Amino acid sequence: MSEQPRTRQELYDRIRATSKLEFILEDMIRLGFWPAEGEMPEDPAEDIRRQAELRKELKSLRAKNSRLYNEQALLKELKQKRLKESRQRQKETKERRAQERQAKAEAWRQKKEREIVYLGEGVSGGLNETTCDEARLQQYGLPRLDSAAEIASAMSITVGELRFLSFARKTSKTSHYVRFKIAKKTGGERLISAPMPRLKSAQQWILETILNRVTPHDAAHGFRHERSIVTNARPHVGAEVVINLDLKDFFPTVSYKRVKGLFRSLGYSEATATIFGLLCTEPEIVEVELDSETYFVATSERFLPQGAPTSPAISNLICRRLDRRLTKMAIEHGFTYTRYADDLSFSASGHDLRNICNILGQTESIVSHEGFLVHPDKTRVLRQSRQQEVTGVVVNQHLNVSRKTLKRFRAVLYQIERDGPEGKHWGASPNVLASVQGFANFVYMVNPEKGAELKERVKALINRYAPEMNRPPKPAYRDMDKADSPLNDTSLDTSVDSDVSTDSASDEDSLKKKWWKIW
């Protein structure tokens with residue numbers, strides 16, 4: 001039984017919700033004037049209740065019928081329903097996509113920790129090709145490195161660091177090289193690119209683990225253990241004619257594609273060769289200031305930098321076919337051939353001298369076919385009637401140093417012995433005693449008989465004026481964070497670091513400073 005209405009409005013609402021008779025019946029039951037439902041058999045009040053139910057049902061059917069025949073209301077209701085369903089689906093899709101993005105980002109992060117899939121425009125095409133030539137690697141005794149993760153692990157760095165060091169950027173705020181210029185003795189300047197510590201460490205690993213295990217052609221004498229300008233000059237001693245040629249822009253001619261091809265020829269996969277090629281090359285860079293920021297903009301294709309520890313060894317290996325072809329050509333014409341970096345030397349005697357023109361013509365053709373260029377202003381044909389030199393060493397009768405240079409050197413030693421080292425100089429070094437000691441060692445390397453006397457005189461001067469120079473040398477400095485200059489790189493051929501490049505004379509008979517002596 002429902003509660004009695006307290007106001008007139010509640011009474012009207014109750015009657016309107018049911019019917020007047022049903023309300024009267026409920027009130028009579030409440031007041032006790034009529035028995036409750038179910039107490040009287042065949043209760044006539046059931047008809048009243050049944051009429052009320054039918055009336056409610058009829059009202060509902062009428063309302064439904066009105067909605068069905070009201071298209072605008074029906075469409076509005078349908079749109080609202082669809083909008084609600086659409087919003088629910090959008091919410092679910094948004095949540096699902098957020099989860100997918102999160103899972104994808106996590107998978108990408110994990111993949112980046114294991115793999116390198118992009119290293120810049122134009123160089124990333126083969127990073128998914130990791131099949132190597134195992135037989136060729138075993139032939140050279142090289143380690144198998146199929147993926148970026150294996151390379152990074154072998155170098156003791158992360159894949160992220162490896163990607164940072166090898167990424168080919170057209171424009172960047174950072175640079176992996178310190179660039180500076182040194183003066184050429186013949187005029188002009190030479191750009192030196194010294195790698196930063198982390199890149200230099202990676203290049204040093206490539207040099208020691210891979211490049212040094214592959215033997216260059218026997219005609220190559222530059223940047224090799226137990227080879228020097230002396231071993232390069234010795235085969236030409238006593239020849240009637242010596243021909244010297246020079247390769248123009250030697251390191252810049254060796255492009256990234258050739259370096260990558262070298263590692264491919266050693267048996268490494270496309271992906272591994274790409275990474276090694278990028279680590280060992282760099283483009284020409286221009287520094288641009290914009291909005292107080294410094295940007296390093298690449299202006300050329302990548303090539304071997306002068307200053308990287310890997311560049312000399314790579315150049316020797318890339319020149320293997322060049323050396324092989326020139327050696328074969330020289331033998332066919334009765335000549336002897338050697339190469340020290342970019343210096344090509346031929347020599348012969350007797351009837352074979354008639355082939356000089358053939359040597360010059362075919363050498364230029366072979367050099368051009370191998371992707372290099374003979375310097376047109378540095379080709380010299382030297383006969384025995386004048387001083388013959390090969391990479392700065394006189395070879396007329398025996399290995400020797402220029403007589404004029406020795407005369408001036410002895411004059412400097414005499415002046416130091418008489419007046420002391422103050423105000424004296426030899427070469428460009430401010431330390432005249434170190435300079436004369438280096439040159440005396442060079443003379444001893446070329447001609448031990450003459451060099452022994454000079455070394456004794458220099459030793460006496462050092463004991464007199466700088467005895468600390470005779471102390472035992474400290475262990476080799478290997479801190480990559482501080483030994484960042486190519487001048488400190490002990491991995492390169494230092495057998496010529498004290499040679500005639502210290503001579504500052506300008507006469508044509510003096511030994512000329514070569515680019516390879518910056519090491």
Ordering of 162-172, 11-21 by burial proxy (mean other Cβ atoms within 10 Å per residue, highest first) = 162-172, 11-21
request  = Please get the size of the charge dipole for the range 73-175, origin at its Cα centre, with Cβ charges of +1 on Lys and Arg and -1 on Asp and Glu, quoted in debye to the nearest 20.
outcome  = 1300
Relative frequency of Cα-Cα separations exceeding 19 Å in the range 250-348, percent = 54
request  = Sort the range 168-210 into rounded, prolate or oblate with this rule: let a ≥ b ≥ c be the square roots of the eigenvalues of the Cα gyration tensor; rounded if a/c is under 1.5, and if a/c is not under 1.5, prolate when a/b is larger than b/c, oblate otherwise.
outcome  = oblate
inquiry  = I need the peptides 127-134, 104-111 ranked by packing, meaning the mean over residues of other C-beta atoms within 10 angstrom, with the highest value on top.
reply    = 127-134, 104-111
request  = Return one number: the angle in degrees, 0 to 90 and rounded to the nearest 10, between the long axis of the Cα atoms of helix 45-68 and the longest principal axis of the Cα atoms of the chain.
outcome  = 40
ask   = Between Rg and the Kirkwood Rh of the chain, both from Cα atoms, what is the Rg to Rh ratio?
value = 1.50
query = R169: net charge of surrounding residues, Cβ under 12 Å, Lys/Arg +1, Asp/Glu -1, itself excluded?
reply = +2
key: Low-density loop positions, GluC sites (Glu not before Pro), the range 221-282 - DSSP coil, at most 16 other Cβ in 10 Å   = E226, E240
remark   = Counting only protein heavy atoms with a 1.4 Å probe and every protein chain in place, the carbon and sulfur fraction of the accessible surface of the chain in whole percent equals 49
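Sorted by average packing, counted as other Cβ atoms within 10 angstrom per residue and highest first, what order do 57-65, 375-383 take?
The densest-packed peptide leads the list: 375-383, 57-65.
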message = Compute the distance from the alpha-carbon center of the range 271-296 to that of the range 245-264, in whole Å.
response = 18
request  = Taking just the C-alpha trace of the range 358-428, give me its Rg and Dmax in Å.
outcome  = 19.1, 57
message = Can you give the local net charge around S147? Use residues other than it whose beta-carbon is closer than 9 angstrom to its beta-carbon, Lys and Arg +1, Asp and Glu -1.
response = -2
note = Of the listed links K184/K248; K424/K459; K112/K200, those spanning more than 19 angstrom between alpha carbons are K112/K200
inquiry  = Taking 0.36 nm per residue of sequence separation and subtracting the Cα-Cα distance, how much length would be gained by fully extending the chain between K170 and I29, in nm to one decimal?
reply    = 41.2 nm
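If you place +1 on the Cβ of every Lys and Arg, -1 on the Cβ of every Asp and Glu, and leave all else neutral, what size is the dipole of the chain about its Cα centre, to the nearest 20 Debye?
Its charge dipole is roughly 640 debye.
Largest first and in whole Å, what are the equivalent-ellipsoid semi-axes of the range 50-163 based on the Cα gyration tensor, each being the root of 5 times an eigenvalue?
Over the Cα atoms of the range 50-163, the ellipsoid semi-axes are 72, 14, 12 Å.
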task = Please find the FRET efficiency linking E208 to H369, where r is the Cβ-Cβ separation and R0 is fixed at 45 Å, and quote it to the nearest 0.05.
result = 0.90
request  = Using a Förster distance of 22 angstrom, determine the FRET efficiency expected from the C-beta separation of R324 and V381, and round it to 0.05.
outcome  = 0.40
note = Under the helix-only model (-39500 (n - 2.57) for each DSSP H run of 4 or more, divided by the residues of the chain), the mean residue ellipticity at 222 nm, to 500 deg cm²/dmol, is -14500 deg cm²/dmol
key: Values of log10 I(q)/I(0), in the order q = 0.12, 0.17, 0.18, 0.20 Å⁻¹, for the range 105-190 under a Debye, Cα-only, solvent-free model   = -0.56, -0.87, -0.92, -1.03
message = Need one number for the range 89-239: average projected area of the convex hull over its C-alpha atoms, nm².
response = 15.8
query = FRET efficiency for K450 and D419, Cβ-Cβ distance as r, R0 = 25 Å, nearest 0.05?
reply = 0.55
message = Give me the extension gain from M196 to E284: residue separation times 0.36 nm, minus the current Cα-Cα distance, reported in nm with one decimal.
response = 30.1 nm
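The values are calculated or read from the model by the stated rules, or taken from the named source; none is laboratory data. Since the model is a prediction, treat every value here as computed from it, not as a measurement. No Cβ is skipped: glycine too gets one built from the backbone with ideal geometry, and neighbour counts run over all protein chains shown. Please note that ligands, DNA and RNA were not included when accessible areas were found on the heavy atoms of the full protein model with its side chains. Shrake-Rupley method; radii C 1.70, N 1.55, O 1.52, S 1.80 Å.
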